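Heads up: the structure comes next, in structure tokens.
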Amino acid sequence: MSSLTITTRDARTGPVLEVAGDLDYNSAPRLRHAVEQLRLEPGRLLVLDLSRLGFCDSSGITALIVARNHATAARADIALAAVPDNTARVLGIVGLDQVLTLYPDTETATGRLSVDG
């Protein structure tokens, strides 16, 4: 298993968290904590860049839901970028692809204009 690393950077649309490694039972709390520490502004976009995600179990999926809930509570939006095929498949099976916006890459996600201005 590959250890989880989370790198935070700012884009013009809001924060981008680059998630690399395995998002599992042991590491999911780290992602939840990183997201909960973000101060999201209304109308901004939180992007989770999953291009280097190696593995995601049900705890990881739960962490993604927690991130969505955190963004929603702040009246911000959330998007997942570069979701690996195996994770995208799971999101589709459980219907989360209908609740989370998926983009092919971070550049496309952060290039989107904020609906709220």
Quiz item: Could you list, in sequence order, the residues of segment 70-92 that are assigned to a helix (DSSP H, G or I) and in contact (Cβ under 8 Å) with a residue 24 or more places away in the chain?
Solution: 70, 71, 86, 87, 90, 91
Quiz item: Does residue 84 fit the bill of being in contact with a Leu (Cβ under 8 Å, 6 or more places away or on another chain) and surrounded by fewer than 17 Cβ atoms within 10 Å (Cβ to Cβ)?
Solution: yes
Quiz item: Hey, any hits in segment 31-54 for a residue that's open to solvent by less than 50 Å² (accessible area, probe 1.4 Å), in contact with a helix residue (DSSP H, G or I) (Cβ under 9 Å, 6 or more places away or on another chain) and at positive phi?
Solution: no
Exercise. Have a look at 13, 8 and point out the one that is within 14 Å of residue 110 (Cβ to Cβ) and surrounded by 17 or more Cβ atoms within 10 Å (Cβ to Cβ).
Key: 13
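The values are calculated or read from the model by the stated rules, or taken from the named source; none is laboratory data. None of these values were measured; they are calculated from a predicted model. Because the Cβ atoms are built from the backbone with ideal geometry, glycine has one as well, and the counts that use them run over all protein chains shown. In case anyone asks, the SASA skips ligands and DNA or RNA and just uses the protein heavy atoms, side chains included. Shrake-Rupley method; radii C 1.70, N 1.55, O 1.52, S 1.80 Å.
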